[in-house]
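Take a look at the structure below.
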C-alpha cells in the first residue's frame, strides 16, 4: 500500500476551501483511517492544520495519544464507562448518545477517584487540575442510530446537572441520514432544524457547545450545514461519498491517496476447456497464460470479485479467473506480452494510462468504496511517500 502525502495535503486544502476560516475542521481517521493507517495518516494530516481528530473507539484514541498526537480527539463510537477516567486524563472527548451512558457519566466522580490514590489526593488538594470529562452530546434527528430524541430532553439536563463540575459539554452534534443523495435535501433540512432546537435549549441554560453535523457530503453541499465544525471523512482519502455529491462540486478534484500493489509470483500455460479455481468455477474458452497474485479475501479482495474483478499488469487489464481464494487469486495475462514472475500488479490505482479505482472495485463487488478501503487488512504495510 503506497500512501501519497501530497494527495493528503491537497484533499484537506480543498475541503477547507469550502468552510469559513472560523469553522473548525475535524479529520475522521476512524477504522484505521479508512484503511490507510491511522497513526501515519494522523501525523501527516496534522501538518495541514486540522483542529480535531475523529476516531471510532477508545482504543484508537489511545493509539494516537501514545504516539504523541496532542490535538483534540473525539471518539465517535461507544466508550465503556470503565474508560471514562482515562479519557478525562488524556484529553479524549467522548460521544454520549443514550441516557444509560449519560447516567454512567453522572456517576464518574467516584470512577475518577480510582485512577490512583496518590493522584486523587493531589487533585483533591488542588495540586493537580481537577479531572473533567469532555462530552459531545449526540442527537438522533432522523438516522435512528445513535442519539437522544426529543423525549429525552428533561432527563438529559437532569443528568448533566448531577454530573456538575465533573464534565464539560464540549460538543453537540448529529449525523445525516441521506445527505449523500441531494434529492432528500428536505429531510436533511428537517434534521438541521431538530439540531438547532437542541442548540437553542442548551443556549437557554448557558451552555454553548461546538455544534457540528456535516460529514463530507454536508461540507460540499452547503455552508448552511457547517455550524461550528465539520467532519471530513471519505473525501480526505480522495474518494467521493456518492456520484451525486461529486456533481454538486463539479470543479473540485479529489486525489486518491492510496495505491495497492502486489506482484506476480507464478505464470503458467493452461489449455482451453480446462477449469480454474475452487469448485471448478471457470472453464477457459482458449489456451491461456495465467498468473498467480498473492492476495485473497484475507487481504481484502472481496470474494464477490471472483471471475469479474480486474488488476493491472504492464499497463493493461488482467481479469480474475475463477474463485478468489483466501491468500491467492489467478488472473488472465494472455494478452499481456512478456508478463512474468516479479511483475508489478496494481490492484487499486493507476499504472500507465489505465486505472482501477476504488469505486470501480466496489461496483463490481456489489458494495461501496468505503467498504473496499476499510477492509484492506491492517497487516499489509502502508508506505507513506
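Can you tell me the order of 217-225, 239-247 when each peptide is scored by its average per-residue count of other Cβ atoms within 10 angstrom, highest first? Walk me through the intermediate numbers first.
Details: 217-225: 20.7, 239-247: 17.8.
Listed from highest to lowest mean packing, they are 217-225, 239-247.
How far is the Cα center of segment 314-385 from the Cα center of segment 40-63, in Å?
What the calculation gives is 28 Å, centre to centre.
How large are Rg and Dmax for segment 324-385 when calculated on the C-alpha trace, in angstrom?
Rg then Dmax for segment 324-385, in Å: 13.5, 35.
Please work out the Kirkwood hydrodynamic radius for segment 205-265, using every pair of different C-alpha atoms, and report it in angstroms with one decimal place. Spell out each step's value before the answer.
Numbers: mean 1/r = 0.0733 Å⁻¹.
Roughly 13.6 Å, rounded to one decimal.
With everything on Cα atoms, drop me the angle between helix 185-204 and the longest principal axis of the chain, reported from 0 to 90° to the nearest 10.
Between the helix axis and the principal axis of the chain, the angle is about 30 degrees.
Using only Cα atoms, find the angle between the long axis of helix 153-163 and the longest principal axis of the chain, and express it within 0 to 90 degrees, rounded to the nearest 10.
Here the helix axis deviates by roughly 70 degrees.
Find how much the distance from residue 22 to residue 326 grows on full extension, using 0.36 nm per residue of separation minus their present alpha carbon separation; answer in nm with one decimal. Let's see the in-between values first.
On the way: separation 304, 0.36 × 304 = 109.44 nm, distance 4.86 nm.
Here the segment from residue 22 to residue 326 would lengthen by 104.6 nm.
Please give the FRET efficiency for residue 200 paired with residue 71, using the beta carbon to beta carbon distance and R0 = 22 Å, rounded to the nearest 0.05. It would help to have the intermediate numbers written out before the result.
On the way: r = 30 Å, r/R0 = 1.34.
After rounding to 0.05, the efficiency reads 0.15.
Once you have the Cα-Cα distance between residue 9 and residue 157, take 0.36 nm times their residue separation minus that, and quote the gain in nm to one decimal.
Details: separation 148, 0.36 × 148 = 53.28 nm, distance 4.08 nm.
So the chain would gain 49.2 nm between residue 9 and residue 157.
Report, in whole Å, the centroid distance computed from the Cα atoms of segment 183-252 and segment 253-271.
That distance is 37 Å.
Using a Förster radius of 41 Å, what is the FRET efficiency between residue 89 and residue 269 based on their Cβ-Cβ separation? Nearest 0.05, please.
Values: r = 64 Å, r/R0 = 1.55.
Once rounded, the FRET efficiency stands at 0.05.
So, how do all the Cα-to-Cα distances of segment 259-384 break down into 10 Å bins, in percent, from 0 on up?
13, 48, 33, 6, 0
Which value results when the Cα radius of gyration for the chain is divided by 2.2 N^0.38 Å? Show your work: numbers first, answer last.
Details: Rg = 24.5 Å, N = 385, 2.2 N^0.38 = 21.1 Å.
For the chain, the normalised Cα radius of gyration comes out at 1.16.
Restricting the count to DSSP beta bridges whose residues both fall in the chain, what percent are antiparallel, rounded to a multiple of 5?
Expressed as a percentage, antiparallel bridges in the chain total about 50.
By how many degrees, between 0 and 90 and to the nearest 10, does the Cα long axis of helix 5-16 differ from the longest principal axis of the chain?
So the inclination is approximately 50 degrees.
Provide the FRET efficiency to the nearest 0.05 for the residue 307-residue 244 pair, computing r from the beta carbons and using R0 = 30 Å.
Numbers: r = 30 Å, r/R0 = 1.01.
After rounding, the FRET efficiency stands at 0.50.
Starting from the eigenvalues of the Cα gyration tensor, five times each then square-rooted, give me the equivalent ellipsoid semi-axes of segment 177-311, largest first, whole Å.
Numbers: eigenvalues 498, 46, 42 Å².
Value: 50, 15, 15 Å, ordered largest first.
Given the -39500 (n - 2.57) contribution per DSSP H run of 4+ residues, what per-residue ellipticity at 222 nm results for the chain, rounded to the nearest 500 deg cm²/dmol?
Numbers: 14 runs with 119 residues, N = 385.
Per the formula, -8500 deg cm²/dmol.
Taken together, the values in this text are just the output of simple stated rules run on the coordinates, not laboratory data. Small disclaimer: the values here were computed from a predicted structure and weren't measured. When we count neighbours, we look across all protein chains shown, and the Cβ atoms used for this are built from the backbone with ideal geometry, even at glycine.
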